[in-house]
Amino acid sequence: MGFTMISIYIPWEIHEIEKGRFDFGQINQSNDIDAFLSLCRKLGFKIVVRPGPQINSELTWFGYPKRILANERLWARSARGSKVILTQVPKPVPALNYASEEFLDETALWYDAICSILAKHAYPNGGVVAAQVDNEMAYFFGINAYASDYSDESVAAYRTFVFSKYGGLTGVNAAYSTTISNSDELQPPRRFDAASYRDIPWYADWAEYRERYLVTSMGRLGDMMRERGLSGIALFHNYPHPLGPGGAASGFTTPFNIMGLEKHLDFVGFDIYARKELYAHVKTVATYVVGTSRYPYIPEFIAGVWPWYLNPGDLDDEEFVTKAALMHGIKGFSRYMLVERDRWLDSPIRRDGRERAEKVEMFARANAMLVAGKFVNKRLVADVLLLANREYDRLEAASVLVSFPGDFLETPSGFSEYAGALTVSEDTLGFDQPVQLVKSAWFTAFEQALSGGGYGFVLSDTELDETLWQHRKVVVVTTLDYLDNRVQKALLDFAARGGTVVIGPKAPVLDSLMHPCTLLHDVLVKSDGNASGSRVAEHGAGHVVLVSELDDVPQAVSAACSLPGLSRVVVNDTALDVALHRDVDDATSFVIFVANPTAQPIAAEVTIGHRIGAVHELWDQRDLSTDGKTIADIVPAFSIHVYRCVTDAERTP
Amino acid sequence: MLHQDVLMSDIDVDQWRNAQALLLRSAKTCRRLVVIHERGRVLKFRHTTLGDRVSGRVATVDDPHRTARVLYDANSGEVDFVVVMERDALDSYFAQVQDSWDIDEDLDEFVRKSYAALDSFTDGIVTYPGRARETLGLQWRLGASFSEVESAVREFVRPASTVILGVESDVQLWMSLILDFDEDYKITSVTTADPSRVDVRGTAQALEERLKDWVEASGKVVSLALVLQYTAAVDFLAAPSDKKGAVLSTLLRNGKGSLYLAGVQSHLQLGSLPGFTPHQSAAPGDTHRVVT
């Protein structure tokens, strides 16, 4: 099929005989990791290893030895102090406490054993080029802010985090308007009871701490791997698919934090298991990873599913989702699972080695297209950076009214584990609108305006280092009553250097501690309204645009993106979605993806503002005739066409 | 009932998807009006798809059962059910359920307890129509309770044997489940018929016989094989538990499916299903097959 690397889990659960004793082939030959890695290298494969400690892998005990799960000192705790149970098949398992030193000590025993084998095979001495640190760590899918972790160790870490953030007791009391006399008096919120916007920092900090918990624990595990001989290979982590069925509209940030975790690991991605109907979700995940990670990689990319995946898809879904991720700029992926096994179905290769011919053909075709089309040289053309507002996402996460654990089947609550309109408080907290709800409507409006207008964009969030904004010409972000001082300043700096900043619906007047902060407001206060329903202020060499009404967003975005030099792909039907990729070595060569994410075929007409020469559809290997301006083609329902075209202009269309 | 080391392999994705559609109902996919309140003060009043475009908005909840019923009637045609939840009750419910977990407990027992625990919050977690434990979450569409299913298994399935359940549609196997039970009636394997290994075309009778032969060729002992036509399967599942025997009897008599039962007392056992009247007798020691 054209794959060049093999990615494998290595389950602690399987290899441990008893505490501190492991079988790597001495008892069961199939446990001989050393021999397997040697064989992979002999066959010419590079290797990605995933030694946990948690691997899930549909194993009975989620990859841990049973004794680890049975040790109550290692359990995470809910806000009520209860156990935290993930209902998975075939056994429910307790969420573990990753702030526990005892847990890390236990993991060290496993790492001592497995890393000594892996280090021997680490590149350049062997074929192991990367290692995944743990797996889909998100509180065992307990995304809900109050689901966990309230273990003693975690609460202690929370206090350390808060005191560090505010520089000590005085700072904490100032931030929270409290009069505590020592850190032990600081308690984390255990349910949402905010009565005023002045309460927001305390709740938002809990959401921020939950990000930090995951970053810190993954960072420590990464350091433990490096200390055991894996310092010369790439270390990465895979967050779980954040927008699966029932996922959030924009809350793909917290409790995840790609940029925070990439300070400790080499790269971080999101797993994708989606059916074609969830095109918008796949686009969100892909464009967010592309806009945020230093290596846009999908560590687990759908190739079959686990049996308790409800309403599993088929070959058409996998082809569509494959193209969708590539369309939005993904540069690497690991198929999960190419080879079927217990508790996994519909892989291209069956358990007995026989092939599912149609699947093998599709996966091979995708790889062949990437090679023949020289996708390694292709770059998504994205002049616009759409930032999710992480501050507001934290408030949304913390303002959830109900609390429940993760569930692989379906929680009896019926709610998504991601906070949303069904579960989030509607309290305005003294503002004129509930920030935690309004922000999603605005994010969606901005996203739709950019997509509908054909403007290339990537997603990230307000925590993205502002030095990385400079690749873009326009930055768009939802702003309401408050916004962190650093972000306000960064937006103005971006504008001052010649960029365009689009915000809305408000110019904030407070910072994240609810202190007056009017940096953006002061710039906009003297601006005039324009025909697009927005206010535009010149700032340095650029502009700051404030759009105040949702209905004005498309026009305001269009006006802001009409600057000279911004790329745009125009389609005749707004149901279509498009993405343009340039070639780093050939300024006249482009790849245009045209997606039809609807159930009806669409006669598409696509123009890029330049004369178009030869057009070739890369997936089906067919040439198209053009009138020199337009790519015209029938795009069937739920399909994506991939056109390579040559223009007569040596610059980005 | 589900063994901790259950093998779930060689599953045909199309049959598996169909099995889910036939046997499971997801509350998440239902149109719901959600009311969350705190000691009677409503904090959330929202429809899963219509948002706040619903009738009968209330600011307080005095009688959650009455509120759920009135809202359901007021939004007839727009909701599959109404759920009225008190914040503290929901948090308490999940704390109770999670604290009840025991590492050696079977999944299905934990899930059964989880849903049964909703009965402890009859005023705090309210649905209409139907009780919360039978409405929320992921529900089996078996028309029988967990204990009734468990009893039926012990009555009709031999220890350490295999059960084949199938549904035929358009002269094709639309869905199958092949379940291995151990001596303790724990399910040790879950799979489907593999279309790459066995011909899945044919009538219900042909499929039942062929699947049984195919499974037994692998060395397993089949103690029950039932293949019904699609509409018959729907009727059988929809029938109340005390009528299932009679419904199955009628379906088989009318040529809507095929049943194989192994065991010396099989015909008597089948007859013990309420309302079941076997149309074909079998002497003790014979295999009982009811076909069309």
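Have a look at the range B:68-117 and report residues whose accessible surface goes down by 40 Å² or more when the remaining protein chains are included, against the chain on its own, probe 1.4 Å, ligands and DNA/RNA excluded.
Correct list: B:Arg87, B:Leu90, B:Asp91, B:Phe94, B:Gln98, B:Asp99, B:Trp101, B:Ile103, B:Leu107, B:Phe110.
Taking the Cα-to-Cβ direction at B:Ala160 and at B:Val58 and moving 7 Å from each Cα, how far apart do the two end points lie in nm?
Placing both labels 7 Å beyond Cα along the Cβ direction yields 5.8 nm.
Using Cα pairs under 8 angstrom and six or more residues apart, how large is the relative contact order of the range B:1-141, in percent?
Answer for the range B:1-141 is 31 percent.
Would you list, by chain and number, the aspartates and glutamates whose Cα falls below 18 Å from the Cα of B:Lys113, excluding same-chain residues fewer than 8 positions away?
Straight-distance partners of B:Lys113: A:Asp407, A:Glu410, B:Asp91, B:Asp99, B:Asp102, B:Asp104, B:Glu105, B:Glu134, B:Glu148, B:Glu150.
Distance between Cα centroids, the range A:472-510 to the range A:556-611: provide it in whole Å.
About 26 Å separates the Cα centre of the range A:472-510 from the one of the range A:556-611.
Any idea what angle helix B:107-116 forms with the longest principal axis of chain B, computed on alpha-carbon atoms, 0 to 90 degrees, nearest 10?
40
Rounded to the nearest 0.05, what FRET efficiency do A:Asp432 and A:Glu358 have when you use their Cβ-Cβ distance and R0 = 56 Å?
0.50
Would you please give the residues with an amide H less than 5 Å from that of B:Trp174, counting only those at least 5 places away or on a separate chain, with H modeled from the backbone geometry?
Distant-sequence amide H within range of B:Trp174: B:Val167, B:Glu168, B:Ser169.
Measure out, as a whole number of angstrom, how far apart the alpha-carbon centroids of the range A:188-216 and the range A:341-380 sit.
Distance between centres, Cα-based: 43 Å.
Compute, for A:Ser7, the solvent-accessible surface of its heavy atoms (probe 1.4 Å) with the complete set of protein chains present, and express it in square angstrom to the nearest 10.
Counting only protein heavy atoms, the figure is 50 Å².
To the nearest 10 Å², what's A:Trp619's accessible area with a 1.4 Å probe?
Taking all protein chains as shown, A:Trp619 has close to 10 Å².
Given R₀ = 45 Å, what would the calculated FRET efficiency be for A:Val339 paired with A:Glu101, taking r from the Cβ atoms and rounding to 0.05?
Calculated value: 0.75.
Could you sort B:Leu118, A:Leu338 by accessible area so the largest value comes first, with the probe set to 1.4 Å? Walk me through the numbers before you get to the answer.
Working: B:Leu118 5, A:Leu338 40 Å².
Heavy-atom accessible area, descending, gives A:Leu338, B:Leu118.
Just to check I understand the Karplus step: with θ = phi - 60° and J = 6.51 cos²θ - 1.76 cosθ + 1.60, what whole-Hz values come out for the range B:49-63, glycine and proline as x?
These are the phi-based 3J(HN,Hα) values: 10, 8, x, 9, 8, 9, 8, x, 3, 10, 9, 9, 10, 9, 10 Hz.
Just to verify a number: what accessible area does B:Arg131 come out at with the full protein assembly present, 1.4 Å probe, Å² rounded to tens?
120
Can you list the residues of the range A:68-84 whose accessible area drops by at least 30 Å² going from the chain on its own to the full set of protein chains, with a 1.4 Å probe?
Those are A:Arg80, A:Ser82, A:Lys83, which lose 30 Å² or more relative to the chain on its own.
So what is the accessible area of chain B per residue, in Å², with the probe set to 1.4 Å? Don't skip to the answer; put the middle values down first.
Working: 12620 Å² over 292 residues.
Accessible area per residue, chain B: 43 Å².
So for the pair A:Glu185, B:Arg69, with labels modelled 7 Å out along Cα→Cβ, what separation do we get in nm?
Here the answer is 5.2 nm between the modelled labels.
Hey, what's the per residue convex hull volume over the C-alpha atoms of chain B, in cubic angstrom?
With only Cα atoms used, chain B gives 144 Å³ per residue.
If I fit a long axis through the Cα atoms of helix B:204-216 and take the longest principal axis of the Cα atoms of chain B, what angle between them do I get, 0 to 90°, rounded to 10?
80
Give the ranking of A:Lys374, B:Lys186 by solvent-accessible surface, highest area first, calculated with a 1.4 Å probe.
A:Lys374, B:Lys186
Order the following by accessible area, largest value first: A:Phe36, A:Phe457. Probe radius 1.4 Å; ligands, DNA and RNA are ignored.
A:Phe36, A:Phe457
Under 20 Å from the Cα of A:Lys120, which lysines turn up, not counting those fewer than eight places away in the same chain?
The qualifying lysines are A:Lys42, A:Lys46.
Counting only DSSP beta bridges with both residues in the range A:502-653, tell me the antiparallel percent, nearest 5.
Taking every DSSP beta bridge with both residues in the range A:502-653, the antiparallel ones total about 95 percent.
Estimate for me the total accessible surface buried between chains B and A (protein heavy atoms, probe 1.4 Å, no ligands or nucleic acids), in Å² to the nearest 100.
The summed interface area works out to 5200 Å².
Between A:Lys263 and A:Asp528, what length in nm is gained on full extension when 0.36 nm per residue of separation is reduced by their alpha carbon distance?
91.2 nm
Please give the residues from the range B:27-43 for which the solvent-accessible area of heavy atoms, probe 1.4 Å, is smaller by at least 20 Å² with all protein chains in place than with the chain isolated.
B:Lys28, B:Arg32, B:Val34, B:Ile36, B:Glu38, B:Leu43
Quick check: the distance between the Cα centres of the range A:286-326 and the range A:220-238, to the nearest angstrom?
Cα centroid of the range A:286-326 versus Cα centroid of the range A:220-238: 25 Å apart.
Given a 1.4 angstrom probe, I'd like the percentage of the accessible area of the protein assembly as shown that is carbon and sulfur, rounded to a whole number.
Working: 17830 of 35300 Å².
For the protein assembly as shown, the apolar C and S fraction of the accessible surface comes to 50 percent.
So with the 1.4 Å probe, I'd like the accessible area per residue for chain A, rounded to whole Å².
35
Thinking of chain A as a set of Cα atoms, what percent of all their pairs are more than 51 Å apart?
Value for chain A: 10 percent of Cα pairs lie more than 51 Å apart.
The values are calculated or read from the model by the stated rules, or taken from the named source; none is laboratory data. Computed from a predicted structure; not experimentally measured. When we count neighbours, we look across all protein chains shown, and the Cβ atoms used for this are built from the backbone with ideal geometry, even at glycine. Surface accessibility is based on the protein's heavy atoms, side chains included, excluding ligands, DNA and RNA. Shrake-Rupley method; radii C 1.70, N 1.55, O 1.52, S 1.80 Å.
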